[in-house]
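Bear in mind that the values in this text are calculations on the coordinates, not laboratory data. Here the structure is a predicted model, which is why all the values come from computation and not from measurement. Please note: Cβ atoms are built from the backbone with ideal geometry, for glycine as well, and neighbour counts cover all protein chains shown.
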Amino acid sequence: METATVTKRFTLAPLPYDKKALEPHISEETLTYHHDKHMAAYVNKLNELIADTHYDGMTIEDIIREADGPLFNNAAQAWNHEFYFAQFSPEPQRMPSGELLDAINTAFGSVDKLKERMNAESAALFGSGWVWLASNYDGEVMIVPKPNAGNPLTDELRPLLAIDVWEHAYYIDFRNARADGVKALWNVLDWRKVEERYTAK
Ligand code: MN
């Protein structure tokens, strides 16, 4: 039987851990909604929007750099969420080391100071968005707050770490207390992953 099929150009990456594995910092219920509902919707919409356009066949990074409007929003949100979920682990490396630690100390004074600054930027970002740690191609690290689906790739920067400050990221576990939701993330942030991103060529 012939049926019309929509090419699944981009697929929903599975979470790299069990949905209970990050509790009590990120609950199973939050991950169920955030990954299986919110992220899945961005991936599905991205596939709908690229169908029969010249974007079909492009990398998601190139779509993010070139598109605007709904296509940018859904491509960036699909990318941002895969990147976000990949940085957590139930057995995280609790501190950065090596070149990344040196770069953080140079830019912020200490890892604690970096966390304080990212917490403050997360609280200050009005509405929905992301607070990024990113590096330039000289290896300098910086905090980059972005509204809505914003991503440092559009600034020729390398994303290293993402804090999702959309309400859907924290509302189930922390209700309106965004600051508490952000602070909880540091308990499961795997600095090993951030180092990999920093040193990737
Ligand atoms: Mn989100």
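Couple of notes before you dig in:
- Hey, residue 40 small (Gly, Ala, Ser) and touching a strand residue (DSSP E or B) at 6+ places or on another chain (Cβ under 7 Å) or not: no
- So residue 142, is it assigned to a loop (DSSP other than H, G, I, E, B) and either within 16 Å of the ligand (Cβ to nearest atom) or surrounded by fewer than 21 Cβ atoms within 10 Å (Cβ to Cβ) (or both): no
- Here residue 169 clears all of (1) out of contact with any strand residue (DSSP E or B) (no Cβ under 7 Å at 6 or more places or on another chain); (2) among the small types (Gly, Ala, Ser); (3) over 18 Å from residue 33 (Cβ atoms); (4) in contact (Cβ under 8 Å) with a residue 60 or more places away in the chain except the condition numbered (3).
- When residues in segment 153-181 are screened for being of a type outside the set (D, E, K, R), in a helix (DSSP H, G or I) and away from the ligand (no atom under 13 Å from the Cβ), 4 of them pass.
- Within the option set 153, 71, 125, being among the aliphatic types (A, V, I, L, M) and within 20 Å of residue 193 (Cβ to Cβ) holds for one residue only, 153.
- Put simply, of 200, 184 the only residue that is away from the ligand (no atom under 16 Å from the Cβ) and more than 16 Å from residue 38 (Cβ to Cβ) is 200.
- The helices (runs of 4 or more DSSP H) found entirely in segment 4-103 include none that carry 3 or more residues being within 18 Å of the chain's Cα centre (by Cα), away from the ligand (no atom under 16 Å from the Cβ) and aromatic (Phe, Trp, Tyr).
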